[in-house]
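Chemist: Sharing a structure with you now.
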Amino acid sequence: MEIVIALGLGLLAACGLYLVLRPTSFSVALGLTLLSYTVNVLIFLGGRLGATAPPLALPDAEGLADPLPQALVLTAIVIGFGMTAYLVAVALRAKGESGSDRVDGGGGA
Amino acid sequence: MSHLPILPFIVPLVAAIVLLLGHGRGIVFERTLSTIAIVFSMLLAALLLVTASDGAVRVYRLGDWPAPFGIVLVLDRLAAVMVAVTAALAVPVVLVARQGIDTQSRHFHVFLQLQLAGLYGAFLTGDLFNLFVFFEILLLASYALLAHGRDAPRAKATLGYVVLNLLGSALFLVALALIYGTLGTLNMADSGARLDTVAAADAPLVRTAFALLAAVFLLKAALLPLGFWLPQTYAAASLPVAMLFVVMTKVGIYALLRVVTSGLSEAAATADLLEPWLSWLAIGTIGIGAIGMLAARRLTLVAANLVLVSSGTLLLGVAAANVTSIAALLTYLVHTTIVTAALFLIADIIAERRGALRDTIEKGPHLGEIKIIGTAYLLLAVAASGAPPLSGFLAKLMVMQSLTATPHAWASWMALLVAGLVTALVLARAASAYFWEPHRADGATAMAAHASRADATRPLALPLVLLLLTALALVPLAAPLSAYTRATAAQLEQRQTYRDAVLGNATIERERRP
C-alpha cells in the first residue's frame, strides 16, 4: 500500500511541477492545483495509513486515528483554494493588460 | 494570563473588518481609521518591548489548551523587537499611502491592515502550522497590495510573485507534513525538544523536512538561487507597498532564526544542515545585490538590490548562529529596514520631480529645493553604505566583529566591505546625475509643470523626516539598542527556559506513534 501511495504522489507532484514550468498561466494554475492535491494527501499521511483505527476513543480499540492531520488538511485546502482563485484572477488581469496568456512576457498565446 | 501577546494581531484584524464594514463611507473615514489603528499598534509594540525586556517568556494559550496540543503565541524579546520594527515602519507607510495612492483602487487600507496582522502574527506565534497560516494571511494581502494601483501595469510582476509564493507554500506544507509525521508535533518548542530523540530510521526524513522548511524561509528572504524574483517585484510595487515589503524579507530571516535557535543545530539528526552552505550563499547574495546595484538604471532598483544585500548580511549572522552574531544581525535589521524604506521614499520623491525621466540615473531637469532633498539623500546614502558616523557603520561593525571567529570570516568581511563600497559608489553616481549636473534645456512650460510636481511631493516630507529621524536616533540609541539585542540573543540561547515556559513542567503522556 505504501509503495502505491508513494509512487502515486510522486507522479502527481511530477505532473504538477511540469505544468508549473509551462509558459502559459493556464497550465501554471493547473500545475499548482495538482501540487496542492499532492500536499494535501501527504498531510493526511502524516497521521499514518490505516483503515481499522477508530476515530473515537472506543473502550476496546487498539489505537486511534490521528484527528489532527484532518484539521490541518482542511485549513490547507481552504487556503489553497483561495490562493488558486486569486491566481486565476491575476492571470486574467495580466492577460487583459498584455493581451497574452504567457507568464514569461513572451509574445503569442 | 495577560492578553497582551495577541493584541498586536487583533488590532489590525479588527481595523480591517471595520474598514470592510464601513466601505462606502469615503476615503477620509478609511484613512483616519487606518492611521489610528497603526498608531495604536505602534504604542502596543512599544508596550510589548518594555514588557518583554524583563527576560521572561510569556506564553498565550489560545483557548487555554496546554501547549503541544493547542496553539500558543509566545512573546519574548525577539518577537517584541520584530513587532516593534514592523510597527515603526507602518507609520510612515500609512502616511505615504494617505497622499492619494490609496484611492487608486479599492480596499488599500483593508489589505494594509491584514498584511500587518499577518506580520505581527507570524512574529508572535509559537506553532509551525500557525506560522504557515499567518504567512498565508500576509502573502494574500501582499499579492493584493502588489497589484494595487492604476498607474502602471503590475499584473505580470504580481503573477510571477504569486506563482513563486504558491510553490513556496506547497513546500512549506510538505515540510510540515513530514515534521508532524516524524516528530508528532508542530509546536516549535516541542519539535526542538523532540529533535534530540529522533529514531535513526526517521533521521533522513526529519533532515529533509527541515531542509524544505529552510528553503521556504530562504525563498522569502531571497537567498541567492531563490532571490531573483525580488528586485523586479519590489521595483514594480507602488511606493507605500515597496516600503512595507522591506520588512517581508525579514519575516523569512526571523522564521529561519526561530527554527535554528529552537535546537536545530544541536540535534544529531539535523546537525550541519545549514552551516556548510548558508554563509557561502549569503556571501553570494551580497555579491548579486552589489552587481544588481551597479547595473541598476533606476534608484528604485538600487534600493531593491540593497534589500538583497541586507538579506545576505543578515543571513551571514544566522549562519554563524552565536550570541554575538544574532545580536549584531538584529541591530543591523533595525537599521537596514528603516534606511532602505527611506531610500524607496526618496527615490519616489525624486522621480515625481523629474517628470517623464522618473528616477532613471541620467541628467535631467532641476529638482528644486535641492538643499533639503540633497541633505536627506546624503544622510541616507551615508547610512546605507555603512560609512561613519551613522547607524549603518555601527551596525555593520557589529556584524563584522561577530563574524571574526567563523571559518570564512575573510570572505564575509570582503563581501560586506565591497558591498558598502559599491553602495557608496552607486548612490554617489546617482547623486551627481540628480543634483550636480541638472539644467537640461527646459522651456518655461516645463518649469511651471515642474513647480506643480514639486508641490505634489511636499506632503511626503513628513514620513521622510520621520524615517530620517529614526535612522539618526539609532546613533545615540546604539548602546541601549545593542544591549537589548544582546539580551535577545542570550535569551534565544537558553532553549530550556523557552521550552519550560511553553510546554510547562508537566510531562504529558502521549500515545506512541506506530
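The values are calculated or read from the model by the stated rules, or taken from the named source; none is laboratory data. Since we're looking at a predicted model, the values are computed, not measured. FYI the Cβ positions are ideal-geometry reconstructions off the backbone, even for glycines, and counts take in every protein chain you see. These accessible areas exclude ligands, DNA and RNA; they are computed on the full protein's heavy atoms, side chains included. Shrake-Rupley method; radii C 1.70, N 1.55, O 1.52, S 1.80 Å.
Chemist: Rounded to the nearest percent, how much of the accessible area of the range B:277-322 (1.4 Å probe, protein heavy atoms only) is carbon and sulfur?
Modeler: Details: 840 of 1210 Å².
Using a 1.4 Å probe with all protein chains present, the range B:277-322 comes out at 70 percent carbon and sulfur.
Chemist: How do B:288, B:17 stack up against each other in accessible area, from largest to smallest, with a 1.4 angstrom probe?
Modeler: Reading off the accessible areas and sorting them downward yields B:17, B:288.
Chemist: Give me a single rounded figure for B:125-136: the average over its residues of other chain Cβ atoms within 10 Å of their Cβ.
Modeler: Per-residue shielding by partner chains comes out at 2.
Chemist: Could you check how much of the accessible area of the range A:1-93 is carbon and sulfur, as a whole percent, using a 1.4 Å probe? Walk me through the numbers before you get to the answer.
Modeler: Details: 4260 of 5650 Å².
Carbon and sulfur together cover 75 percent of it.
Chemist: Also, I was wondering about something else. So, counting K/R as plus one and D/E as minus one, what does the shell of residues with Cβ under 10 Å around residue B:96 add up to?
Modeler: -1
Chemist: Considering protein heavy atoms only and a 1.4 Å probe radius, which residues within the range B:153-167 exhibit an accessible-area decrease of no less than 30 Å² in the full assembly relative to the chain by itself?
Modeler: When all protein chains are present, B:155, B:156, B:159, B:162, B:163, B:166, B:167 each give up 30 Å² or more of accessible surface.
Chemist: Per residue, how large is the accessible surface of the protein assembly as shown? Use a 1.4 angstrom probe and give square angstrom.
Modeler: Heavy-atom SASA per residue in the protein assembly as shown reads 40 Å².
Chemist: Once you put a point 7 Å from the Cα of residue B:164 and another 7 Å from the Cα of residue B:200, both along the Cβ direction, what distance in nm separates them?
Modeler: The answer from the label model is 4.2 nm.
Chemist: Can I ask one more? Computed FRET efficiency, Cβ-Cβ of residue B:479 and residue A:4, R0 56 Å: what is it to the nearest 0.05?
Modeler: 0.35
Chemist: Let me confirm one metric for peptide A:66-79, namely the mean number of other chain beta-carbon atoms within 10 Å of its residues' beta-carbons.
Modeler: Mean number of neighbouring Cβ atoms from other chains: 4.
Chemist: Where in the range B:173-213 does accessible area fall by at least 10 Å² between the isolated chain and the complete protein assembly, at a 1.4 Å probe radius?
Modeler: Buried by 10 Å² or more upon assembly, which counts only protein chains, are B:173, B:174, B:177, B:178, B:180, B:181, B:186.
Chemist: Let me know the shape class of the range B:83-199, please: from the alpha-carbon gyration tensor, a ≥ b ≥ c as square roots of the eigenvalues, rounded when a/c is under 1.5, otherwise prolate if a/b is greater than b/c, or oblate.
Modeler: Verdict is oblate for the range B:83-199.
Chemist: How large, in percent, is the carbon and sulfur part of the accessible surface of the range B:353-422 at a probe radius of 1.4 Å?
Modeler: Carbon and sulfur atoms account for 75 percent of the accessible area of the range B:353-422.
Chemist: Only Cα pairs under 8 Å and at least 6 apart count here; give the relative contact order of chain B as a rounded whole percent. Write down the numbers at each step before the final one.
Modeler: Values: 776 pairs, mean separation 79.1, N = 514.
This gives 15 percent for chain B.
Chemist: Here is a follow-up. Starting from the Cα of residue B:65, step 7 Å along the direction of its Cβ; do the same at residue A:64; then give the gap between the two resulting points in nm.
Modeler: 1.2
Chemist: Gain in length, residue B:436 to residue B:410, computed as 0.36 nm per residue apart minus the alpha-carbon separation, to one decimal in nm?
Modeler: Details: separation 26, 0.36 × 26 = 9.36 nm, distance 3.71 nm.
The residue B:436-residue B:410 span can extend by a further 5.6 nm.
Chemist: Taking R0 as 45 Å, what FRET efficiency do you get between residue B:417 and residue B:455 from their Cβ-Cβ distance, rounded to the nearest 0.05? Could you put the intermediate results ahead of the total?
Modeler: On the way: r = 42 Å, r/R0 = 0.93.
Here the calculated transfer efficiency is 0.60.
Chemist: Can you give the accessible area buried between chains B and A, summed over both chains, with a 1.4 Å probe, in Å² to the nearest 100?
Modeler: Buried: approximately 2700 Å² between A and B.
Chemist: Classify chain A as rounded, prolate or oblate from the Cα gyration tensor: take a ≥ b ≥ c as the square roots of its eigenvalues, call it rounded if a/c is under 1.5, otherwise prolate when a/b beats b/c and oblate if not.
Modeler: oblate
Chemist: I'd like the FRET efficiency for residue A:88 and residue B:490, computed as 1/(1 + (r/R0)^6) with the beta carbon distance as r and R0 of 56 Å, rounded to 0.05.
Modeler: Working: r = 48 Å, r/R0 = 0.86.
Efficiency at R0 = 56 Å is approximately 0.70.
Chemist: How big is the accessible area of residue B:366 in square angstrom, nearest 10, if you roll a 1.4 angstrom probe over the protein chains?
Modeler: Accessible area, nearest 10 Å²: 60 Å².
Chemist: Please give the net charge around residue B:135, taking every other residue with its beta carbon less than 15 angstrom from that of residue B:135, where Lys and Arg add +1 and Asp and Glu add -1.
Modeler: +1
Chemist: Return the distance in nm (one decimal) between the two label points of a simple spin-label model at residue B:215 and residue A:77, each offset 7 Å from Cα along Cα→Cβ.
Modeler: 2.6
Chemist: For residue B:50 and residue B:295, compute 0.36 nm times the residue count separating them, minus their Cα-Cα distance, and round to one decimal in nm.
Modeler: 83.9 nm
Chemist: Something else: Once a ≥ b ≥ c are taken as the square roots of the eigenvalues of the Cα gyration tensor of the protein assembly as shown, is the result rounded (a/c under 1.5), prolate (a/b larger than b/c) or oblate (a/b not larger than b/c)? Don't skip to the end; give the middle numbers.
Modeler: On the way: a/c = 1.73, a/b = 1.46, b/c = 1.18.
Because a/c hits 1.5 or more and a/b exceeds b/c, the protein assembly as shown counts as prolate.
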